[in-house]
1. Identify the residue in the stretch 3-22 that is within 9 Å of the chain's Cα centre (by Cα) and open to solvent by less than 30 Å² (accessible area, probe 1.4 Å) and, among all such residues, is nearest to Gln48 (Cα to Cα).
2. In this structure, is Thr47 without any contact (Cβ under 8 Å) to a residue 24 or more places away in the chain and open to solvent by 70 Å² or more (accessible area, probe 1.4 Å)?
3. Take residues that are at pLDDT 95 or above and tell me which of the helices (runs of 4 or more DSSP H) falling wholly in the stretch 12-120 contain 1 or more.
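The values are calculated or read from the model by the stated rules, or taken from the named source; none is laboratory data. Treat the numbers as computed from the prediction; the structure is a model and nothing was measured. In this analysis, Cβ positions are derived from the backbone assuming ideal geometry, glycine residues included, and neighbour counts consider all displayed protein chains. In case anyone asks, the SASA skips ligands and DNA or RNA and just uses the protein heavy atoms, side chains included. Shrake-Rupley method; radii C 1.70, N 1.55, O 1.52, S 1.80 Å.
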Amino acid sequence: MMVKKYNISVEATLEVIGGKWKCVILCHLTHGKKRTSELKRVMPGITQKMLTQQLRELENDGVINRITYNQVPPKVEYELSEYGWSLKSILDSLCAWGETHIVKVYGDKNAVLEKSILNR
């Protein structure tokens with residue numbers, strides 16, 4: 001097996017949480033377990049295929065847990081793993097920076113941020 005080489009450690013971080021949707025998914029999961037349909041509802045711009053792909057990648061990287069309930073109809077929930085919770089301070093910092101950026105560029109954050117539990 002070939003060992004991957006990184007030029008800088010942030011590359012390893014971005015390999016796991018990079019892209020348009022992974023941090024958004026993780027931020028939603030900091031507020032508790034979510035079913036796929038719940039994530040899709042709070043992320044209307046993501047396709048079902050992309051959501052499924054991103055969830056699988058996060059699960060494969062050990063950042064989230066997939067919980068399957070043995071019932072009819074089948075029920076699946078996602079939650080942050082213990083390893084995933086170690087990203088909480090990073091996610092909080094990204095949100096804080098984004099809010100500062102929105103205020104700098106648009107002035108009123110309420111004019112551009114959707115009403116959501118994530119947007120206090």
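1. The selected residue is Lys22.
2. yes
3. Details: elements: 22-29, 36-42, 48-60, 82-85, 88-106, 109-112.
The helices (runs of 4 or more DSSP H) meeting that bar are 22-29, 36-42, 48-60, 82-85, 88-106.
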